[in-house]
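Please read the structure below before turning to the comments.
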Amino acid sequence: MNLPFFNRLPLRKLTVATDDEMAKRSKEVIEGLLRDLPDLLMACVVNTQSGRVVASYTVSNAYNPNQISLRNAKLLRIMDEALAAKAWAGGPLTDISVILEDQLHHLRPMHNGKWYCFLAVHTADANLGIAKEIMRRHTS
Amino acid sequence: MSAVTVSPKQTVKDIMAELPTLLAVAVVEVETGMPLASHANIADFDIETAAAYNTEVVKAKLKAIKALNLNQTVQDILLTLTDQLHLLKLSPNGDKFIYLAVNSRDTNLAQARQIVKMHSGSLN
């Protein structure tokens, strides 16, 4: 059933999908990110295998974590395949950053790639170095 | 951006001249996922496979950005591996990208971005 009321995105509020260990840890990660980057646009922790959003925070309807969770999960699977095929002569993937015109997206696998954490910020609020460092601190 | 267009082969040569310590560099066509020009400084590096996988990464990432309807252009995509940086930068019309792999001990992100940015504008 697709009821728009139930699908409405809670804005500026940390939402956690379930109540297990993983969800608790994800909540901590996003709380930590919010403490260090109060102006962030969106943050979410996603199960890489299923693409399910475990915990998320967003400031506007335009940044819907459900719309990108699966696509980013697919992206990570491609990266895993690439590393398995030895397409890159390098160690495991640490993170992926995408720099857009006025914002940047940062994606970091955690728990041996079982989950990933996604972060979007305006470049006016944080630079890539800061975003990377904050993400590293909270997800490891 | 300069109006002068430079061939993929020349772009690869220019980047190599500026960054002799790079691990691999390639100009890849997005449509086919094949390298138009490439160079690698490591022996067991299959640039054809790398190009194909990188194309998939670019496509997957563009889809994810498109899903958000942000109306923004992707400037560049950066993959951090344990001791390497891989940078993917699309050409202005989006049909090719420059792929640059460097050792993070030799080259930092700002240097790699600067070099790729300089060359992607005139790529054709």
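General observations
- Verdict on B:N93 being over 13 Å from the mean Cα position of the chain (by Cα), surrounded by fewer than 19 Cβ atoms within 10 Å (Cβ to Cβ) and at the interface with chain A (Cβ under 7 Å from one of its Cβ atoms): no
- Some residue of the stretch A:85-100 being surrounded by fewer than 18 Cβ atoms within 10 Å (Cβ to Cβ), assigned to a helix (DSSP H, G or I), free of Cβ contacts under 8 Å to residues at least 24 places away in the same chain and among the aliphatic types (A, V, I, L, M): no
- No other residue among B:K61, B:K13 is within 14 Å of chain A (Cβ to nearest Cβ) and more than 13 Å from the chain's Cα centre (by Cα) apart from B:K61.
- Looking across the stretch A:101-118 at every residue that is facing another protein chain (nearest Cβ under 10 Å) and in contact (Cβ under 8 Å) with a residue 24 or more places away in the chain, the one that is nearest to B:Q72 (Cα to Cα) is identified as A:Q103.
- Each residue in the stretch B:29-50 was checked for being at pLDDT 90 or above, buried (at least 20 other Cβ atoms within 10 Å of the Cβ) and at the interface with chain A (Cβ under 9 Å from one of its Cβ atoms), and 0 pass.
- Per-region count, the stretch A:119-135, residues crowded, with 23+ Cβ neighbours inside 10 Å and within 12 Å of chain B (Cβ to nearest Cβ): 3
- A:M79 vs. criteria over 14 Å from the mean Cα position of the chain (by Cα), surrounded by 21 or more Cβ atoms within 10 Å (Cβ to Cβ) and over 15 Å from B:I65 (Cβ atoms): yes
The values are calculated or read from the model by the stated rules, or taken from the named source; none is laboratory data. Nothing here was measured: the structure is a model prediction, and the numbers come from that model. Cβ coordinates were reconstructed from backbone atoms using ideal geometry, including for glycine residues, and neighbour counts include every protein chain displayed.
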